[in-house]
1. If you plug each phi of region B:70-81 into the Karplus form 6.51 cos²θ - 1.76 cosθ + 1.60 with θ = phi - 60°, what whole-Hz ³J(HN,Hα) values come out, in order, with x for Gly and Pro?
2. Just counting partner chain Cβ atoms within 10 Å, what average do the residues of peptide B:86-96 show around their Cβ?
3. Express the Stokes-Einstein translational diffusion coefficient of region A:88-127 in µm² s⁻¹, to the nearest whole number, given a Kirkwood radius over alpha-carbon pairs, 25 °C and a viscosity of 0.890 mPa s.
4. Shielding by partners for A:38-46, please: the mean number of other protein chain Cβ atoms within 10 Å of each residue's Cβ.
5. Consider all pairwise Cα distances in chain B and report the whole-number % of them above 29 Å.
6. Within the protein assembly as shown, count lysine pairs with alpha carbon atoms under 23 angstrom apart where the residues are 8 or more positions apart or belong to different chains.
7. Summing -39500 (n - 2.57) over the DSSP H runs of n ≥ 4 in the protein assembly as shown and dividing by its residue number, what mean residue ellipticity at 222 nm do you reach, to the nearest 500 deg cm²/dmol?
8. How big a patch of accessible area, both sides summed and in Å² to the nearest 100, lies buried between B and A at a 1.4 Å probe?
There are 2 protein chains.
Amino acid sequence: MNEGVEWALHSCLNLTWVDDGQAVTAAKLAAFYELPAAYLNKQLQALARAGILTSTSGPRGGFRLARRPEDITVMDVVAAIEGPEEAFRCEEILRQGPGGHEDVDYRTTCVISQSMRRAELAWRRELSRQTIADLKATVESRFPYTPDSTRSWFANLRT
Amino acid sequence: MNEGVEWALHSCLNLTWVDDGQAVTAAKLAAFYELPAAYLNKQLQALARAGILTSTSGPRGGFRLARRPEDITVMDVVAAIEGPEEAFRCEEILRQGPGGHEDVDYRTTCVISQSMRRAELAWRRELSRQTIADLKATVESRFPYTPDSTRSWFANLRT
DNA sequence: GCCAAGATACTCGGATAAGATCTGTCCGAGTGCCGATGG
DNA sequence: CCATCGGCACTCGGACAGATCTTATCCGAGTATCTTGGC
């Protein structure tokens, strides 16, 4: 799984703590965790394409959340970075085997494909259950100072 | 996810249908689905290292199941091919952030890491629930002729 | 003092390399089988 | 006829390339801001 998933999730969470309507540049989001700025920018572009963030060019530009945190699931972010296709992609090798038919959809009939798909659905369901707002609430209950310290860090950025 | 996972699962299933004590060569298992023999061999080696198969060199050699199908879970096969480490590997970028501590294990405290881990556990649990014997039973109930036709295919291999 | 036009600095966005992993291939080491050979 | 020994064909196992994806970097297009000049 892409490293960018972790970066994207943390960046989305950080974006929930900046002042509303305030865009944050990829450079600032990257500096927060000392990440390569240009590469993080690439990941944020993917989030923008997926409709999770909105991007603004020019001075005072940057990224901000496109929807409310309650409406962004962890699955949305993962899918935006990793792509929509499943991790296990059934190549339907049964078709090449003896007795394989050309017109059968082995993605649905093959027992192995079904088993893998069932597991992946459980994974997706678990990721869809949690929203960015849930993560935010959990962090705030455990570390109450985080919102203020994060906001102020992005407000007066050092270096 | 590796293509080899699909190959390995199908091969394990096929091995449940050959006569007991009969070793099957990688070449035969590959020919069944028209797969590249040498590469499938590589995957089967991984299964052997994981203790799922036993391998025998020389004439009349090949691979056979090391344990009963009831004792081989789908997760075992996936882990043997993909490796034991998790798909989402938390790099603990919180440590690089402001307020990050050197001696904190963010793999367990970070909310994002927890969320991803929970989803992955659901995936693993689902894969561990199913054994090769379960797959075998399902196939046999849906396609009763499969065991015989598969066994005979491996017995008198054409081409 | 106010407005407008131009220059400017800033930011995203995509095009472009470097590295790592997956996919595929090849040949050598080891092993059991088969036949020849001698008793 | 039987046992033994040597050659041999077969199979796995790991070493060796090619392809694809991930990671990282750089520069150009567009834009809001600021400056400067004119009225």
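The values are calculated or read from the model by the stated rules, or taken from the named source; none is laboratory data. For clarity, every value in this text was computed on a predicted model and none was experimentally measured. All Cβ positions, glycine included, derive from the backbone under ideal geometry; neighbour counts span all protein chains shown. Accessible surface areas use protein heavy atoms only, side chains included; no ligands, DNA or RNA. Shrake-Rupley method; radii C 1.70, N 1.55, O 1.52, S 1.80 Å.
1. Running phi through 6.51 cos²θ - 1.76 cosθ + 1.60 with θ = phi - 60° gives 5, 9, 10, 8, 4, 4, 4, 5, 4, 5, 5, 7 Hz.
2. Values: counts 1, 5, 7, 3, 1, 5, 2, 8, 4, 2, 4.
The per-residue average across the peptide is 4.
3. Numbers: Rh = 10.9 Å.
Calculated translational D: 224 µm²/s.
4. On the way: counts 0, 0, 0, 0, 0, 0, 0, 0, 0.
The shielding value for this peptide is 0.
5. Working: 3984 of 12561 pairs.
Summing the P(r) tail past 29 Å for chain B gives 32 percent.
6. Working: A:K28/A:K42; A:K28/A:K136; B:K28/B:K42; B:K28/B:K136.
Number of lysine pairs found: 4.
7. Numbers: 16 runs with 174 residues, N = 318.
Rounded to the nearest 500, it is -16500 deg cm²/dmol.
8. Numbers: alone 9960 and 9960 Å², together 15920 Å².
Using a 1.4 Å probe on protein heavy atoms, the buried area is about 4000 Å².
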